[in-house]
Amino acid sequence: MFRKASSSQFSTGFSGSGALSHVYIQYPPLRCSIPGARGLFYDDGNKLLVSPTSDQVFTWKTSPFAPLVAPTSFPVNEGPIISIRYSLDAKVLAIQRSNHEIQFWNRETGTTFSQMCKSESESILGFFWTDCPTCDVVFVKTSGLDLFSLDSEWKSLHLVETKRFNVGWYVYTHESRVVLLASGMQCKSFIGYQLSSAGIIRLPRFEMAMAKSEANSKPVLAAADVHIVTVYGRIYCLQVDGVAMLLHSYRFYRDAVVQQGSLPIYSSKIAVSVVDNVLLVHQVDAKVVILYDIFSDSRAPISAPLPLLLRGCPRVATSSSQSISRDAETLEAKDLSDTEAIVYGDGWTFLVPDLVCDAANGLLWKIHLDLEAISASSSEVPSVLEFLQRRRLEAYKAKQLCLTIVSTIILERRPVSMVARAIDILVTSYSNSIKVGSYLKGTKAEKSSPSGVPQTNSSGTVADDSTSRVDASGKSVKHESAGGVHNESMNRSLTFSALDSEDNASIEPQKTSSGDLHSLGGKMGVETHSAGVHQSTLQSQLLGPGDNPLNANVTDHQESQVTSAAISPDEMYSFVFAPVDEEMAGDSSYLVAVIIEFLRSANLEKIKVHSNIYVLTIQLLARNERYAELGLLIINKMLEPSREVAMQLLESGRQNIQTRKLGLDMLRQLSLHHDYVLLLVQDGYYLEALRYARKNKVNTVRPSLFLEAAYTSNDSQHLAAVLRFFSDFIPGFKSTPDHNTYCRVLAEMNSSVTA
């Protein structure tokens, strides 16, 4: 339960809409104030906010977060309430009435029963529902864990297993399926279990580090100082050491618990959130939040500490846009400042992973990242791009920012090595997204129960294993030892949370050096990825006018369909290279060098590049009459042969015969016989075209084109030869109008010569 606090003073951490911040809560909140409510509880197994009264239980869905969602209610008997949770199928409601009793309601039949402690010497610390195959609900008691299963008629519990040891307090999150049990005089010795659909895993016993303020002092660790978080599919435990002013990080494996380092803290009260796999450490007393992306090896924060921002506050609207009177507006501002505008208030409780409950005022807020502000706060372009490419909740916005950043550094003519590093990051990220199938993956519909209480994913979570793991489907996957946890990549790491594995698990972009610009003599053929390359369906949706690379009119539904910030080669052309070409003036050598770096990176990742990028490269080189370099690119197959490339060579070769010859040779190499014959005729080589057509059995070019070309040459012998060719090799040609016409023309040409 969240304790109600007395009214707090207006927080100095509150900022107006124009304040600088990287994290914000959006107005309006979900209002959950019910007359006669006995407090607010959060059921993380079903993502429900619960508010009981004397005879009813009101619940609000918190996922997806909707401030205007209406509550559902369920009648209950009057009595004390210590904790309250729905079963994972939402069919049974359990209420802890005392330290010795938990009462259960069958929501379908209305029948109830109670489970009591057998011994008065032990107390129930709490309970939680689980999707473990062997049990349905777990009681956490001072004497250990009791695992129960519901009978088939939901009228009683059957004890499945008991795990005995002394417990001071416990921490549990449904997201991780991990329960940590604290014991010892200082409550710093821990036993952990993960109860998931894959079974029960016991974690090894471990102790948390605690600094001493004095030589003989023994500080006691509190439950509020321990947080279980799931980041990138990995489960971490974060422990606040108030004496050392450090936040210690531990990562869980099946056979080891490994300390991952420590983060500095600057407040005696610390809260933790996770938004889109970004760790948020709230310095509550200082009223600021620090962001960490612990996917990378660095423990440095993403940016400087900044306050939490309240956005969408109606007080910031101009008076001209208000339809209410000035007196009503003043009253509204007063009400807002007294209740809803309190940031980091005394009644705030941070819920896993990204919610804040203001129990004092009956409000629930959702925490958001401001990706644009985070991007603007750093000048390290590669780091920003890597950070954005890992985002999933606002993948559309992350993609937009990445395209804007790359376009900007090219327009600013930053060093090619720096641009190459940025391109490497984008290309590697796209390659990885194709491999894991996350690129443009559609959103999944959320299932809900008929009663209005959402069902949860029944698939469990799996703990990291130093040698192997078993995923939700039961497949065994090899894994490295626990000792190498600092430098492992995500494709070798374990996906911990089966609930969020598809959204959270990602592959770290491989760090590839940009290197020097490859010489034009090097071979750079681009191979097709074995999994196939998805052609972007975003182009028609995202292409917009002006400087904005993405269309601001794209609907929210279309944005939600973009679940990966990865950028395809086609999008690189449409939203980076082509617009930059239009804006850049002068010598195009710089843009050519950038495109060559892109082709190099795509070749390393074996990604197929669309021919429009090759066509643009030819246009840029021909524009500056760099035909010799263009020839080397074609001869060494750095520009992959295609019909589009061949046609552009022919177009650009109007000013250079050698370039045009390269285009003709490419058509022949690609066996585009029709185009090759047609171009030979257009160039006046109609006799050579006839020989080529006969040899390669090309019968798709109209005879009239050859006859017209021979007539234009004013050579009667050539015209006679063409007529004889078609008469001999095309059945029925002698009866066509073309034969009659050009026979008459040939006769006229011969008679004029005789005369």
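Each reported figure results from applying straightforward, stated rules to the coordinates on display, with no laboratory input. Bear in mind that the values here come from a model prediction, so they are computed numbers and not experimental data. Cβ atoms come from the backbone with ideal geometry, glycine included; neighbour counts cover every protein chain shown.
So, by mean Cβ neighbours within 10 angstrom, what's the order for 741-752, 567-578 with the highest one leading?
Going from most to least packed, we get 567-578, 741-752.
If we count other beta carbons within 10 Å of each Cβ, what is the order of Arg234, Arg654, Arg392, fewest first? Present the calculation step by step, with values, prior to reporting the outcome.
On the way: Arg234 26, Arg654 10, Arg392 19.
Placing the least packed residue first, the sequence is Arg654, Arg392, Arg234.
Listed by Cβ neighbour count within 10 Å, with the fewest neighbours leading, His673, His22, His158 appear as His158, His673, His22. Remark: Ser417, Ser652, Ser21 ranked as Ser417, Ser21, Ser652, counting other beta-carbon atoms within 10 Å and listing the fewest first. Taking the charge dipole of region 673-754 about its Cα centre, with +1 at Lys and Arg Cβ atoms and -1 at Asp and Glu Cβ atoms, the residue from Ser752, Asn696, Ala720 reaching farthest to the positive side is Asn696.
For the set Lys47/Lys155; Lys695/Lys734; Lys606/Lys697; Lys435/Lys661, the pairs lying more than 28 angstrom apart at their alpha carbons are Lys606/Lys697; Lys435/Lys661. Here the dipole of region 673-754 is about 320 debye; that uses its Cα centre as origin and unit charges on the Cβ of Lys and Arg (positive) and Asp and Glu (negative).
Beyond 21 Å in Cα-Cα separation lie the following of the pairs Lys141/Lys212; Lys399/Lys637; Lys61/Lys366; Lys188/Lys269: Lys141/Lys212; Lys399/Lys637.
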